[in-house]
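The structure under discussion appears below in the form of structure tokens.
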Amino acid sequence: MFKSVEELKEADFFKLNEIEQTEYLRENGFFKLSREEKLDFLEELGLFYLDINEDPPTIPLDPDKVDYLRRKFSNKLKSTITTKYAEHLVKKFMKEKKLIIKGVEGLENMQSVKSGAVLTCNHFNPFDCFTMELVFRQSGQSKSKKIFKIIREGNYTNFPGMYGFFFRNCDTLPLGSTKKAMTCLIKATDEILKRGDFILIYPEQSMWWDYKQPKPMKNGAFNFAVKSNVPVIPGFITFNDSDVIGEDGKPVQEYTVHIGKPIYPDENLTSKENIKMMRDADYKFCVETYERVYGKPVEYKTIKHENLPDYVKELIEIKNTPEANAWVCKIIKE
């Protein structure tokens, strides 16, 4: 393991916020490890919310400089132009077979929603965002609705180049590390959802390159849905090798997008109960889809320790597996 639980406890790692944890890992050489080593470390400690890719350091967001709803004409124009250009790039990627979508299951589930909605998806590649946008347009919802994307704070404030421009202008809603920034975001998401638009959110929070299993989900996406009284549309992408070899010498992955039935808030439950109910139902859909498609159970290598995040404890059951001489997390199924 990169660092033991005891070493991290001595460094007060578990008392740090997520940005500080990322900086601690950066300073201690975490991002110099191989992808497999980084995945093993984070999975073993149950740190499913941290990224394995070395993004630029996060610069705190100034919410006064963010036009969340694109009310200014200049921001609305930049958003329109950027979105159109992004659509052009996606078509180009598909034509060049850099992005391959094999099929879509459950499109009727997205088509059935008449209101605004939170659309969720697993996050394993930058292209999964483009993929979900394509499915959104394929469903016909784009005729009357827009789709916004929740993104990482640092991706909005400090990501360089063309992708940085996309992050700031392609109908994105940046998270914030301050109370004021989050208040502005919550207000904007509520207005967007209540007027009938969609918001794409990765409830796993992190992007783990080519990681096929669903990861435990945080509450944020479901909190937005409950607050605005709109459904969550669960999405899960499975993928496998195509016969196309990419520029890196490896097979390009071909995607199948699975859309589950909308999960609506229950008027008989409290907000807290609804958040848990919707989160658990979304996670259950992803687990069942994974196991059906890949033909094997979802299992993690997570070690049982006192600093395991609460939401991870809620979604997985820790069981000792003597034959593996390790702790393996197995999904709790009702």
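Points worth noting:
- Remark: pairs (first residue in the stretch 248-263, among the aromatic types (Phe, Trp, Tyr); second residue assigned to a strand (DSSP E or B); Cβ separation under 8 Å; 6+ apart in sequence or on different chains) = Tyr255/Ile100; Tyr255/Ile101; Tyr255/Lys102; Tyr255/Ile237; Tyr255/Thr238; Tyr255/Phe239.
- Per-region count, the stretch 169-195, residues among the acidic types (Asp, Glu) and either at pLDDT below 90 or in contact with an Asp or Glu (Cβ under 7 Å, 6 or more places away or on another chain) (or both): 1
- Given (1) surrounded by fewer than 17 Cβ atoms within 10 Å (Cβ to Cβ); (2) modelled with pLDDT under 65; (3) touching a helix residue (DSSP H, G or I) at 6+ places or on another chain (Cβ under 9 Å), index of the condition Thr321 fails: (3)
- Residue pairs meeting the criteria (Cβ under 8 Å; at least 6 apart or on separate chains; first in contact (Cβ under 8 Å) with a residue 12 or more places away in the chain, in the stretch 116-130; second among the basic types (Lys, Arg) and buried (at least 21 other Cβ atoms within 10 Å of the Cβ)): Asn122/Lys215
- Filter pass, Lys212 being more than 20 Å from the chain's Cα centre (by Cα) and either loosely packed, with under 15 Cβ neighbours inside 10 Å or in contact (Cβ under 8 Å) with a residue 60 or more places away in the chain (or both): no
- Residue among Gly260, Gly246, Gly235, Gly196 that alone is buried (at least 24 other Cβ atoms within 10 Å of the Cβ) and of a type in the set (Gly, Ala, Ser): Gly235
- Count of the stretch 132-162 residues which are more than 19 Å from the chain's Cα centre (by Cα), part of a loop (DSSP other than H, G, I, E, B) and among the hydrophobic types (A, V, I, L, M, F, W, C): 0
- Condition check for Pro234: in contact (Cβ under 8 Å) with a residue 12 or more places away in the chain and either within 27 Å of Ala188 (Cβ to Cβ) or not aromatic (Phe, Trp, Tyr) (or both): yes
- Among the residues of the stretch 188-224, those that are more than 21 Å from Val312 (Cβ to Cβ) and aliphatic (A, V, I, L, M) comprise Ala188, Ile192, Leu193, Ile199, Leu200.
- Test: residue in the stretch 113-130 that is over 21 Å from the mean Cα position of the chain (by Cα), modelled with pLDDT of 95 or more and surrounded by fewer than 15 Cβ atoms within 10 Å (Cβ to Cβ): yes
- Checklist (1) in contact with a strand residue (DSSP E or B) (Cβ under 9 Å, 6 or more places away or on another chain); (2) part of a helix (DSSP H, G or I) applied to Phe165, failing item: (1)
The values are calculated or read from the model by the stated rules, or taken from the named source; none is laboratory data. These figures come from a predicted structure and were not determined experimentally. Methodologically, a virtual Cβ is constructed for each residue, glycine included, from the backbone with ideal geometry; neighbour enumeration extends over all protein chains shown.
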